Structures are given as structure tokens and as C-alpha cells.
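Chemist: This structure is in C-alpha cells; I'll ask about it shortly.
Just so it is clear, none of the values below were taken in a lab; they were calculated from the coordinates. Please read these numbers as outputs of a predicted model, since none were measured by experiment. Positions of Cβ are backbone-derived with ideal geometry, glycine not excepted, and every protein chain shown enters the neighbour counts.
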Amino acid sequence: MRHLPLPPAAAAAAAAPREASPPPPPPPAARALSPTAVAFAQIPSVAMAARAQAWLFAAALVIFHGSEYVLAAAFHGRRNVTAT
């Protein structure tokens with residue numbers, strides 16, 4: 001690609017040394033969270049036996065992948081989607 005030559009004033013400005021830009025402003029200081037914000041930021045723990053948690057996880061997997069299959073079949077057609 002060919003570029004047109006710059007006019008004399010623009011060529012002189014392009015050749016002139018540039019001034020250094022000022023440094024960026026410092027990042028904002030970190031603030032401590034209020035007790036209310038901390039209470040909402042944490043996930044509450046639920047007392048659950050390991051077997052119950054495993055069954056819940058298995059059910060979530062089945063529901064997630066089942067809905068994924070249904071959505072894929074709805075968008076792409078049943079013949080274009082496999083269950084494997």
C-alpha cells in the first residue's frame with residue numbers, strides 16, 4: 001500500500017521530539033469491607049453428609065447435561081445432536 005507524502009508542516013511535527021507524558025495516576029487505595037458486606041460476600045455453609053452431597057451433585061449433573069441436550073436439540077435439530 002502506498003502512502004501519500006506528508007505536507008511540510010506535518011512532516012516537521014512528526015520529526016520533532018515528543019514531550020514525555022505524565023505518569024499515570026496511582027490506583028485507588030484498598031478499603032476494608034464493612035461487616036455487613038463481609039456477611040453477604042461469604043457463601044453460607046450447609047451441614048450435609050458426604051453421601052447426600054454426592055447424590056445432589058449427581059442430580060445437578062443430570063439436570064445440567066439434560067437441559068444442555070434439550071437446548072442443543074431445539075437450536076440445531078435432533079438429528080444434528082448426539083447424546084454421547
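Chemist: From the phi angles alone, apply the Karplus equation (6.51, -1.76, 1.60; θ = phi - 60°) to the stretch 47-57 and give each ³J(HN,Hα) in whole Hz, x where the residue is Gly or Pro.
Modeler: Those phi angles translate into 5, 8, 5, 4, 5, 5, 5, 5, 5, 5, 5 Hz.
Chemist: Karplus couplings for the stretch 19-25 from phi (6.51 cos²θ - 1.76 cosθ + 1.60, θ = phi - 60°), rounded to Hz, Gly and Pro as x?
Modeler: Per residue, the Karplus-derived 3J(HN,Hα) values read 7, 5, 6, x, x, x, x Hz.
Chemist: Cβ neighbours within 10 Å, averaged per peptide: list 65-78, 46-59, 19-32 in order, most packed at the top.
Modeler: 65-78, 46-59, 19-32
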